[in-house]
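Student: I'd like to ask you about the structure that follows.
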Amino acid sequence: MSSSETMLQRSAPHPVPPPAPAIRPLQLRDRAPLHQLLTKDGLFTREEVSVALELIDGALAEPGGEYRVLVAELAGAGVPVAGYVCYGPTPMTEGTWDLYWIVTHPDARGCGVARALVARMEAELRALGARLVRVETSRLDGYGAARAFYERIDYPVAAVIPDFYKPGDDLLVICKRL
Ligand SMILES: CC(C)(COP(=O)(O)OP(=O)(O)OC[C@H]1O[C@@H](n2cnc3c(N)ncnc32)[C@H](O)[C@@H]1OP(=O)(O)O)[C@@H](O)C(=O)NCCC(=O)NCCS
């Protein structure tokens, strides 16, 4: 190796690691950015957006209640809210929780935001003695990213109900044992 090559290697800048997402509880000021996020890329129907907002409002009205929300911020992403997760205890079960909704802002995807949200949620649930986390999602193409995501973070499919949402649109029940 020539001395100039060695110099080049030595002086090459270290790759800058991407900033870690900061996870925090939901605040009232998050409602408008979350509304914008839910309508951003047309993934969710009007009805789904309205249900998602109802859960957010429930979490704001009663912290630590039926619906809970964690919010992610990502330095440099240029958005007030990089993503959020909504979850809550599953009625009539012991230690089972539902992950109702998880969304990352399109400008912040692939940066570990959703993984960080789930990790923080799981840490909170373990501290509460939770055993299982259930997620229900659709097999339809629009949700392909979600399926890949759950597979990657070790949330396996536990059951499939064919044609559940409509003909050709199966329900996937995904379940993680904590
Ligand atoms: C699914 C979603 C939440 C993933 O968010 P994200 O912040 O980009 O995910 P992360 O960066 O934390 O990714 C975590 C892992 O999942 C993988 N992953 C995420 N999206 C993926 C995709 N589209 N295809 C393949 N793998 C993917 C990542 O590679 C990563 O794996 P690694 O940590 O081993 O490298 C995001 O794409 C989204 O908001 N989609 C629209 C809403 C939605 O479908 N929500 C779920 C149903 S409510």
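Student: Starting from the 7 Å offset along Cα-to-Cβ, what nm value, one decimal, do you get for the label separation of L43 and D169?
Tutor: About 1.6 nm separates the two model spin labels.
Student: Let me ask something else about it. Summing +1 for each Lys or Arg and -1 for each Asp or Glu, what net charge is found among the other residues whose Cβ lies under 14 Å from the Cβ of V71?
Tutor: +2
Student: Can you tell me the relative contact order of the stretch 19-177? Whole percent, Cα pairs under 8 Å, sequence separation 6 or more. Don't skip to the answer; put the middle values down first.
Tutor: Working: 253 pairs, mean separation 28.3, N = 159.
Relative contact order comes out at 18 percent.
Student: Pull out a ≥ b ≥ c, the square roots of the eigenvalues of the alpha-carbon gyration tensor of the stretch 107-164, then state rounded if a/c is under 1.5, prolate if not and a/b is larger than b/c, and oblate in the remaining case. The partial results should precede the final answer.
Tutor: Details: a/c = 2.77, a/b = 1.22, b/c = 2.28.
Judged from the Cα gyration tensor, the stretch 107-164 comes out oblate (a/c at least 1.5, b/c at or above a/b).
Student: Need one word for the stretch 131-178: rounded, prolate or oblate. Basis is the Cα gyration tensor (sqrt eigenvalues a ≥ b ≥ c); a/c below 1.5 gives rounded, then a/b vs b/c decides. Don't skip to the end; give the middle numbers.
Tutor: Working: a/c = 3.12, a/b = 1.53, b/c = 2.05.
It comes out oblate by the Cα gyration axes.
Student: What share of Cα pairs, in percent, lie more than 13 angstrom apart in the stretch 80-122?
Tutor: Every Cα pair in the stretch 80-122 considered, those over 13 Å come to 55 percent.
Student: A follow-up question, please. Within the stretch 90-178, which trypsin sites (Lys or Arg not before Pro) sit in a loop by DSSP and count at most 15 neighbouring Cβ atoms inside 10 Å?
Tutor: Details: sites: R109, R115, R120, R126, R131, R134, R139, R147, R152, K176, R177; in loops: R109, R131, R139.
In loop regions of the stretch 90-178 (DSSP not H, G, I, E or B), the sparsely surrounded trypsin sites (Lys or Arg not before Pro) are R131.
Student: When the helix-only estimate is applied to the chain (DSSP H runs of n ≥ 4, each -39,500 (n - 2.57), divided by the residue count), what is the mean residue ellipticity at 222 nm, nearest 500 deg cm²/dmol?
Tutor: -10000 deg cm²/dmol
Student: How would you classify the stretch 56-178 from its alpha-carbon gyration tensor, with a ≥ b ≥ c the square roots of the eigenvalues: rounded for a/c under 1.5, else prolate if a/b is greater than b/c, otherwise oblate?
Tutor: Oblate, since a/c reaches 1.5 and b/c is not below a/b.
Student: OK, next. How much of the DSSP beta bridge set in the chain is antiparallel, as a percent to the nearest 5?
Tutor: 90
Student: Around A108, what is the net charge, scoring Lys/Arg as +1 and Asp/Glu as -1 over all other residues with Cβ under 14 Å from its Cβ?
Tutor: 0
Readers should treat all values here as calculations from the given coordinates under stated rules, not as data from a laboratory. Only a predicted model underlies this, so the values are computations on that prediction, with no experimental measurement involved. All Cβ positions, glycine included, derive from the backbone under ideal geometry; neighbour counts span all protein chains shown.
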